[in-house]
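The structure under discussion appears below in the form of structure tokens.
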Amino acid sequence: MVIKVFLASSSGSTAIKKKQQDVVAFLEALKVEYAELDIACNEQNRMWMRENVPEEKKPANGIPLPPQIFNEESYCGDYDTFFDAKEDNAVFTFLGLPPPPGSKEAQEEEDEEHEEEELQELEDQDEQEEEEGESQEAEEEAE
């Protein structure tokens, strides 16, 4: 799986440049493999990005601005959703990637799985107790 980051190499907007740098620097820090796809000098990249950003995620003018992030063909989000995922320690989930062992995200997933297992065990135990109670009642009625 390749993370695709659509960027504009020659953007006149300082805000866009900073957002692009933030995304790329963070992915590099996490050692996430990604490909930078320039929409400023490659019309195919620009058209692909614009066509594949979901309608509900496009701004009012209909033209999504970089950076836009995809996992292969699957849309992950824009800078704002990336930033939110970063703040929530959920970047790997945002990117659709498994978290690396030992990461905070991996630990949270393990904790959730453990809680689910415990709940399932309790439910199984309750069902077993109910069945035992019902069979005991049936035996008593039969006597």
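Observations on the structure shown:
- Each residue, Ala40 and Val24, gets one label point 7 Å from its Cα in the Cβ direction; the gap between the two is 1.0 nm.
- The string of couplings for segment 14-30 from the Karplus curve (6.51, -1.76, 1.60, θ = phi - 60°) is 5, 4, 5, 4, 5, 5, 4, 4, 4, 4, 4, 4, 5, 4, 5, 4, 7 Hz, one whole number per residue in order, with x for Gly and Pro.
- Charge dipole magnitude, Cβ of K and R +1, D and E -1 - the chain, Cα centre, debye nearest 20: 3640 debye
- Inter-centroid distance (Cα atoms) of segment 15-35 relative to segment 36-112, Å: 11 Å
- In sequence order, calculated HN-Hα J values of segment 121-135 (Karplus, 6.51, -1.76, 1.60; Hz; x Gly/Pro): 4, 5, 5, 4, 5, 4, 4, 5, 5, 4, 4, 5, x, 5, 5
- Helix-only arithmetic for the chain: the sum of -39500 (n - 2.57) across DSSP H runs with n ≥ 4, divided by the residue total, places the mean residue ellipticity at 222 nm at -18500 deg cm²/dmol.
- Taken one residue at a time, the phi angles of segment 39-47 give Karplus couplings (6.51, -1.76, 1.60, θ = phi - 60°) of 9, 7, 10, 9, 4, 5, 4, 4, 5 Hz. Gly and Pro are set to x.
- Straight-line cross-link reach from Lys57 at under 18 Å between alpha-carbon atoms covers these aspartates and glutamates, not counting any fewer than eight positions away in the same chain: Glu72, Glu73, Asp78, Asp80, Asp84.
- Sorting the segments 45-52, 112-119, 67-74 by their mean number of nearby beta carbons within 10 angstrom, highest to lowest, gives 67-74, 45-52, 112-119.
- Chain lengthening between Lys57 and Glu132 when straightened (0.36 nm per residue, less Cα-Cα): 21.6 nm
- Using bins of 5 Å that start at zero, the share of Cα-Cα pairs per bin across the chain amounts to 2, 9, 14, 16, 14, 8, 6, 5, 5, 4, 4, 4, 3, 3, 2, 1, 0, 0, in whole %.
- Paramagnetic label reach from Glu87 (point 7 Å along Cα→Cβ; backbone nitrogen cut-off under 16 Å): within segment 22-40, residues 23.
Rule-based calculations on the coordinates, nothing more; no lab input. Predicted model only: the values in this text are computed from it and were never measured. Every residue, glycine among them, receives a Cβ derived from its backbone with ideal geometry; neighbour counts consider all protein chains shown.
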